[in-house]
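Working notes for the structure below.
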Amino acid sequence: VFRYDDANGNSQQKWESFKTKKEAQKRKSEVEHEIDTGTFIPPASVKIKDFLIDFVDMYGKRKWGLSMYTSNTGLIRNYINPVLGEVNVQDVDARVVDKFIATLQKTKAVDCNGRRAKTEFVTPCTIEKICKLMRCAFGQAIRWGMVGRNPFIGATLPKREQKKRAIWDAETIRRALDACEDDRLYLAIHLAFACSLRFGEICGLTWDCLDISDAA
């Protein structure tokens, strides 16, 4: 049991439970040291789902491109909020993170952006993306003075299977171009392989991106 001053300067009492008296005394000493040095963060009841709204609004909108914004908000909506949304930010520790990851491994994959999920459960690759997003979010929580540590740093992630990506060889590309009857699709295929452009990059091209002068 320890006392602290909340954000309004009012004295409050806080109870925390531990398995042994030694652990409790260690925690009490830590709190007293933080209070003495001015680094103590008062308890607050901010839920993960509410915190992530602010995180996306103040960080995501400034730092993410459209594709990443769509992907990350989808991860928050489909996988993070359903599991952790009602948990207080300050209650998330390494144990909560490990249980979160274990739960994700048993969670059904969600169809997203009109695409059917390719696997029955959330893949290790997606879990890695979720933890990376949450590690970034808790980094901001530290910066905002909400927590003192980032529980997602060093999280034990499920092993990923390294699969060699299949690519088209020159003959396959030639056959695809010969079979293509749509002029715009034909051009898109050329751009994809000649310039190593992705789908979004091809669709985002405008005339000012092109140089078709004789000098070129």
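The values are calculated or read from the model by the stated rules, or taken from the named source; none is laboratory data. Everything numeric here is computed off the predicted structure, so don't read it as measured data. Positions of Cβ are backbone-derived with ideal geometry, glycine not excepted, and every protein chain shown enters the neighbour counts. Side chains are part of the model used for accessible areas, which takes the heavy atoms of the whole protein and leaves out ligands, DNA and RNA. Shrake-Rupley method; radii C 1.70, N 1.55, O 1.52, S 1.80 Å.
So, in the stretch 157-187, exactly how many residues are within 22 Å of ARG77 (Cα to Cα) and at pLDDT below 85?
0
Has the stretch 123-139 got at least one residue that is open to solvent by 60 Å² or more (accessible area, probe 1.4 Å) and more than 14 Å from the chain's Cα centre (by Cα)?
Looking for residues that are open to solvent by 60 Å² or more (accessible area, probe 1.4 Å) and more than 14 Å from the chain's Cα centre (by Cα), one finds none in the stretch 123-139, hence no.
Which residue pairs have Cβ atoms closer than 8 Å, lie 6 or more positions apart in sequence or on different chains, and pair a first residue in the stretch 189-204 that is closer than 13 Å to ILE173 by Cβ with a second residue that is surrounded by 14 or more Cβ atoms within 10 Å (Cβ to Cβ) and of a type outside the set (Asp, Glu)?
Once the first residue is closer than 13 Å to ILE173 by Cβ and sits in the stretch 189-204, its partners that are surrounded by 14 or more Cβ atoms within 10 Å (Cβ to Cβ) and of a type outside the set (Asp, Glu) give ILE189/ILE173; ILE189/ALA176; ILE189/CYS180; LEU191/LEU197; LEU191/ILE202; LEU191/LEU205; ALA192/ILE202; PHE193/ILE173.
For THR206, state whether it is under 30 Å from VAL89 (Cα atoms), surrounded by fewer than 13 Cβ atoms within 10 Å (Cβ to Cβ) and out of contact with any strand residue (DSSP E or B) (no Cβ under 8 Å at 6 or more places or on another chain).
no
Check every one of the helices (runs of 4 or more DSSP H) wholly within the stretch 25-117 and list those with 1 or more residues that are closer than 19 Å to ALA141 by Cβ, free of Cβ contacts under 8 Å to residues at least 60 places away in the same chain and open to solvent by 60 Å² or more (accessible area, probe 1.4 Å).
48-55, 94-105
Go through the stretch 10-24 and report how many residues are surrounded by 11 or more Cβ atoms within 10 Å (Cβ to Cβ) and touching a Lys or Arg at 6+ places or on another chain (Cβ under 8 Å).
Number of matching residues: 4.
Among the numbered criteria (1) loosely packed, with under 14 Cβ neighbours inside 10 Å; (2) within 16 Å of LEU52 (Cα to Cα); (3) touching a residue at least 60 places away in the same chain (Cβ under 8 Å), which one does MET146 miss?
Checking MET146 against (1) loosely packed, with under 14 Cβ neighbours inside 10 Å; (2) within 16 Å of LEU52 (Cα to Cα); (3) touching a residue at least 60 places away in the same chain (Cβ under 8 Å), the one that fails is (1).
Please specify each residue of the stretch 106-126 satisfying the condition of being modelled with pLDDT of 85 or more and farther than 11 Å from TYR79 by Cα.
The answer is LYS106, GLU120, PHE121, THR123, PRO124, CYS125.
Quick check on my filter: what residues within the stretch 154-200 are assigned to a loop (DSSP other than H, G, I, E, B), open to solvent by 100 Å² or more (accessible area, probe 1.4 Å) and acidic (Asp, Glu)?
GLU161, GLU181
Test each condition in (1) modelled with pLDDT under 90; (2) at positive phi; (3) of a type outside the set (A, V, I, L, M, F, W, C) for GLY154 and report the one that comes out false.
(1)
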